[in-house]
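The values are calculated or read from the model by the stated rules, or taken from the named source; none is laboratory data. The structure displayed is predicted, hence computed values, not measured ones. As a convention, Cβ positions derive from the backbone with ideal geometry for all residues, glycine included, and neighbour counts pool all protein chains shown.
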Amino acid sequence: METLWFCLVAVMIAMYVVLDGFDIGAGIIHNFAARTDQERRKVLASIGPVWDGNEVWLLAGGGTLYFAFPKLYASSFAGFYLPLIIVLWLLILRALAIEFRSHIQSDLWRPFWDVVFGGASLLLAVFFGAALGNVVRGVSLDARGDFFLPLWTNFRVGAEVGILDWYTILVGVLAAATLTLHGSLWVAFKTDGELQQRAHRWARWAWPVTAALTILVTIATFAIQPQVPGNFSRYPWGAIFPALALAGLIGVRLWLRIETERKAFLASCLFIIGMLTSAAFGLYPYVLPATTGAEFGLTIYNTAAADYGLRVGLAWWIPGMVLVTGYFIFTYKRFAGKVRLDQMGHY
């Protein structure tokens, strides 16, 4: 049951990054690809019907983590208190920017919220990436499973680490590049005309940056976290996960070249899923490694809830996910197609 819930949580986190990732990526290019107020309204309208629903996966993933691995939830939320508060404020600022931007007709009001939206989106991508970097690298856990990290120490990977070091910053930059690519492909898929062409250009720029950073992060990960190369060596079948990421990255390049937006965007989804599942496979059975010694690391076995609770939870989780999946299928079908001016509402 512990392994099953580990897989389910990993899938839910991957779903959040895929879905809310294009929202964040659209925000990153919002002030650059879109040059007029009408074009910026189109960018917002492309995510308007779905952005808040996409964030449900973050809440669901956090709730599932709390239920299935309560000790991990307690330890990580205490140790990562500062970055979690920063992420919370960035999520709030993005929501405020989307909802408030068009409430007042003013030459100062709209540009202000455009800057807030773009800046919060970029910082959110970086902090989410740095968070993943912290999980992969490990933290300074003690014998009780407690830790607290400052924002930074000496920017080196070692026993006394901070939230930001050279590795977590590198993963954060990769996350920003990946979501920029992902969001650009979404905007190109949902719009037309000059805005679509600029979104294509942003995607073409982001692709080589993402590819280069993926190689660097992969090399760095294998160097600093021995659990990752150990798992891939013991279980060769796990190569399917990085193969998915590679196929997705190549697919983006091929379909972007011929401007087949839907397939390029789906390939980007595959790349993100492949990268995140590769990280999860590489860390298993750890959910939070320790830089202070492997014996202090948090695993699926020493953090999971009781077996009976996991089984009962699964019985409730399945129908809940069926309802959520049905809701998302209906929503995305309902708002399928290109953004049209007469559908833009208050955006």
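For the stretch 244-303, give me each residue that is of a type in the set (Lys, Arg) and touching a Gly at 6+ places or on another chain (Cβ under 8 Å). Steps first, please.
Of all residues in the stretch 244-303, those of a type in the set (Lys, Arg) come to 253, 257, 262-263.
Correct list: LYS263 only.
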- Task: With respect to SER233, determine if the residue is surrounded by fewer than 22 Cβ atoms within 10 Å (Cβ to Cβ) and part of a helix (DSSP H, G or I).
- Result: yes
- Task: For the stretch 214-227, state whether one or more residues are within 21 Å of ALA131 (Cα to Cα), at pLDDT below 95 and surrounded by 20 or more Cβ atoms within 10 Å (Cβ to Cβ).
- Result: yes
- Query: Among the residues of the stretch 290-302, which ones are in a helix (DSSP H, G or I) and farther than 13 Å from THR3 by Cβ?
  - Reply: ALA294, GLU295, PHE296, ASN302
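Go through the stretch 256-269 residue by residue and tally those that are crowded, with 19+ Cβ neighbours inside 10 Å and modelled with pLDDT of 95 or more. Full working, then the answer.
First, the residues of the stretch 256-269 that are crowded, with 19+ Cβ neighbours inside 10 Å: 256, 261, 264-265, 267-269.
From what is left, the residues that are modelled with pLDDT of 95 or more are 264-265, 267-269.
Matching residues across the stretch 256-269 total 5.
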- Note on the structure: Checked VAL115, VAL126 against criteria (surrounded by 20 or more Cβ atoms within 10 Å (Cβ to Cβ), within 21 Å of PHE22 (Cβ to Cβ), out of contact with any Lys or Arg (no Cβ under 9 Å at 6 or more places or on another chain) and not polar (S, T, N, Q)); the one match is VAL126
- Message: So the check is Cβ under 6 Å with 6+ separation or different chains; which pairs have a first residue in the stretch 75-95 that's closer than 21 Å to PHE148 by Cα and a second one that's surrounded by 16 or more Cβ atoms within 10 Å (Cβ to Cβ) and among the β-branched types (Val, Ile, Thr)?
- Response: PRO83/ILE163
- Task: Look through the stretch 32-71, keep the residues that are outside any helix (DSSP H, G or I) and closer than 18 Å to GLY183 by Cα, and return whichever of them is nearest to the chain's Cα centre (by Cα).
- Result: GLU55
- Query: Restricting to the stretch 286-306, what's the tally of residues that are modelled with pLDDT of 90 or more and of a type in the set (Asp, Glu)?
  - Reply: 0
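Where residues in the stretch 294-309 are loosely packed, with under 14 Cβ neighbours inside 10 Å and of a type outside the set (Ser, Thr, Tyr), which of them is nearest to the chain's Cα centre (by Cα)? Walk me through it before giving the result.
Applying the first criterion (loosely packed, with under 14 Cβ neighbours inside 10 Å) to the stretch 294-309 yields 294-295, 301, 306-308.
Applying the additional criterion that residues be of a type outside the set (Ser, Thr, Tyr) yields 294-295, 306-307.
On the way: ALA294: 27, GLU295: 29, ALA306: 29, ASP307: 29 Å.
Among residues in the stretch 294-309 that are loosely packed, with under 14 Cβ neighbours inside 10 Å and of a type outside the set (Ser, Thr, Tyr), the one nearest to the chain's Cα centre (by Cα) is ALA294.
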- (1) farther than 27 Å from ALA315 by Cα; (2) among the hydroxyl-bearing types (Ser, Thr, Tyr); (3) touching a residue at least 12 places away in the same chain (Cβ under 8 Å) all hold for THR36 apart from (3)
- Query: Given VAL287, VAL312, VAL324, VAL339, which one is crowded, with 16+ Cβ neighbours inside 10 Å and in a helix (DSSP H, G or I)?
  - Reply: VAL324
